[in-house]
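> Quick one: structure below, then a few questions.
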Amino acid sequence: MLCVGHCCIDYISEVAAYPTEDEDIRCVSQKWQRGGNASNTSTVLALLGDTPTLACTLANSPEKQFLVTDMAKYGIKEDGVVYHDGVACPSSVVICSLASGSRTIIHSNQNLPELSVEDFKSLPLHTFSWVHFEGRNLSNVLMMQQMLRRAYPSAKISSELEKVRPDMDLLTLNSDVIFVSKDYARHLGYEDMKTAAQDIAQKAATGRNLDVNRCRTVIVPWGEDGASGYSEEEGLVSCEASVPQGGVVETLAAGDTFIGAALHALSRGKSLKTTLEFSCRVAGLKVGLKGYEAFG
Ligand code: FRU
């Protein structure tokens with residue numbers, strides 16, 4: 001499994017309750033953690049027993065050692081990392097509220113270049129049976145997917161449409177599976193996960209022609225409501241969220257966790273129904289724990 005996307009540092013402050021503007025408060029705990037959607041998804045795949053490779057760019061900055069050491073700790077292969085000199089490491093300031101379970105993210109990426117098509121081509125692409133793309137760096141990612149589709153037609157491609165950015169739906173063209181976040185689905189005008197999954201899948205099927213629009217499976221995770229999915233074989237399938245025994249502790253990267261678990265199941269040939277059940281369970285476990293260390 002190859003995961004293509006972003007890796008950054010998350011500076012996480014856990015607070016009893018979310019502060020009001022201009023307040024001066026103390027946090028309950030504070031830590032650094034490797035973050036970024038593709039990076040988090042790789043962590044989950046690794047914890048589930050896969051050996052993911054993460055393809056991303058990283059700054060040759062003081063944070064680099066922390067990030068690559070942490071990748072190695074989880075068994076994530078770093079052959080796909082491209083280093084850049086003279087740029088800053090992207091980071092997020094994250095406020096996790098214990099009262100509400102919310103995670104507020106303020107992200108900064110000053111000048112780290114995105115992964116280029118040339119960087120991608122230099123990877124041993126023939127060794128991957130599944131390549132997952134975070135929905136960012138859109139024009140390059142579209143070229144990467146087209147190139148992959150032509151050169152290695154049997155490799156499965158999945159994409160995550162999470163953040164609302166223009167033309168993100170073009171990622172359906174060459175993807176076998178797409179994950180559509182609640183935010184993105186709402187941006188498309190959907191109010192619930194079932195309608196979103198079914199309608200997005202059916203629209204993809206209507207626009208299909210021989211070379212493009214391979215999207216056969218649409219998965220829509222919807223936080224505390226669970227997730228819905230639609231595939232040609234199984235139609236519409238839904239699953240309730242799994243609630244952690246000790247309550248919600250940290251929702252940061254719950255979506256990335258859900259996707260990691262889904263990729264793990266789908267790449268083993270599991271049905272959509274089993275995949276949704278498994279992913280909701282794993283995401284439920286994650287939100288009951290802080291970070292990934294206690295997760296294994
Ligand atoms: C969680 C996350 C964080 C990162 C942020 C980037 O989904 O990947 O780890 O800081 O989103 O938007």
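Each value in this text was obtained by applying a stated rule to the coordinates, not by laboratory testing. Just so it is clear, the model here is predicted, and its values are computed rather than measured. Virtual Cβ from ideal backbone geometry, glycine too; neighbours counted across all protein chains shown.
> Expressed in nm to one decimal, what extension gain is obtained for the pair Arg165 and Ala205 from 0.36 nm per residue of sequence separation less their Cα-Cα distance?
Residue separation times 0.36 nm, minus the Cα-Cα distance, leaves 12.2 nm.
> Can you order the peptides 273-284, 14-25, 80-91, 123-134 by their average number of other Cβ atoms within 10 Å per residue, highest first?
Peptide ranking by packing, descending: 273-284, 123-134, 80-91, 14-25.
> Could you work out the helix-only [θ] at 222 nm for the chain, with each DSSP H run of four or more residues adding -39,500 (n - 2.57) and the total divided by the number of residues, to the nearest 500 deg cm²/dmol?
Working: 8 runs with 90 residues, N = 296.
Dividing the helical sum by the residues of the chain leaves -9500 deg cm²/dmol.
> Oh, and also: Report ³J(HN,Hα) in whole Hz for each residue of segment 25-37, in order, from the Karplus equation J = 6.51 cos²θ - 1.76 cosθ + 1.60 where θ = phi - 60°; Gly and Pro get x.
Once θ is set to phi - 60°, the couplings for segment 25-37 become 10, 10, 8, 7, 7, 9, 7, 9, 8, 5, x, x, 4 Hz.
> Just to confirm my numbers, what's the Cα centroid distance between segment 79-124 and segment 39-67 in Å?
Cα centroid to Cα centroid, the span is 11 Å.
> For segment 226-290, I need the span (max minus min coordinate) of the C-alpha atoms along each principal axis, in Å, sorted largest to smallest.
Projected onto its principal axes, the Cα set of segment 226-290 covers 36, 20, 15 Å.
> Here's a follow-up. Given 4 °C and 1.567 mPa s, compute D for segment 183-296 with the Stokes-Einstein relation, Rh being the Kirkwood radius over Cα pairs; round to the nearest whole µm²/s.
Working: Rh = 14.7 Å.
Value of D from the Cα-based Kirkwood radius: 88 µm²/s.
> Determine the gain in length on full extension of the stretch Val28-Val243; use 0.36 nm per residue of separation and subtract their C-alpha separation, reporting nm with one decimal.
75.1 nm
> With only Lys, Arg, Asp and Glu charged, each at its Cβ (+1 for the first two, -1 for the last two), find how big the charge dipole of segment 6-107 is about the Cα centre; round to the nearest 20 debye.
It comes to approximately 300 debye.
> Rounded to the nearest 5, what % of DSSP beta bridges with both residues in the chain are antiparallel?
Counting only bridges with both partners in the chain, antiparallel ones make up about 45 percent.
> If the only charges are +1 at each Lys and Arg Cβ and -1 at each Asp and Glu Cβ, what is the size of the charge dipole of the chain around the Cα centre, to the nearest 20 debye?
My answer is approximately 780 debye.
> Give the calculated FRET efficiency between Met147 and Glu224 to the nearest 0.05, with a Förster radius of 30 Å applied to their Cβ-Cβ distance.
Details: r = 39 Å, r/R0 = 1.29.
FRET efficiency, Met147 to Glu224: 0.20.
> May I have the extent of the alpha carbons of segment 120-165 along their three principal axes, as whole Å values ordered from largest to smallest?
That gives 31, 16, 15 Å along the principal axes, largest extent first.
> Okay, next question. If you consider only alpha-carbon coordinates, what radius of gyration and Dmax does segment 1-110 have, in Å?
15.2, 45
> Mind putting a number on the dipole of segment 125-208 about its Cα centre? Charges go on the C-beta only, +1 for Lys and Arg and -1 for Asp and Glu, and I need it in Debye to the nearest 20.
In debye, rounded to 20, segment 125-208 gives about 240.
> Rg and Dmax of the chain, using alpha carbons, in Å: what are they?
In Å, with Rg to one decimal and Dmax whole: 18.4, 59.
> Give the long-range amide H neighbours of Lys156: residues separated by 5 or more places, or on another chain, with amide H under 5 Å away, using H modelled in the peptide plane at 1.01 Å from N.
Close amide H contacts, sequence-distant or interchain: Trp130, Val131.
> Along the Cα→Cβ direction, 7 angstrom out, place labels at Lys270 and Ala17. What is the inter-label distance in nm?
Placing both labels 7 Å along Cα→Cβ, they lie 3.9 nm apart.
> Follow-up. Given Lys31/Lys270; Lys31/Lys121; Lys270/Lys290; Lys77/Lys286; Lys163/Lys286, which pairs have Cα atoms separated by over 31 Å?
Flagged as over cut-off: Lys31/Lys270; Lys31/Lys121.
> Would you look at the GNM of the chain, springs on alpha carbons closer than 10 Å, and say which of Ser267, Ser181, Ser29 moves the most?
Among Ser267, Ser181, Ser29, the largest mean-square fluctuation in the Gaussian network model of the chain belongs to Ser29.
> For the chain, build the charge dipole from Cβ charges (+1 Lys, Arg; -1 Asp, Glu) around the Cα centre, then report which of Ile9, Ser231, Phe179 sits farthest towards its positive end.
Ranked along the dipole, the leading option is Ser231.
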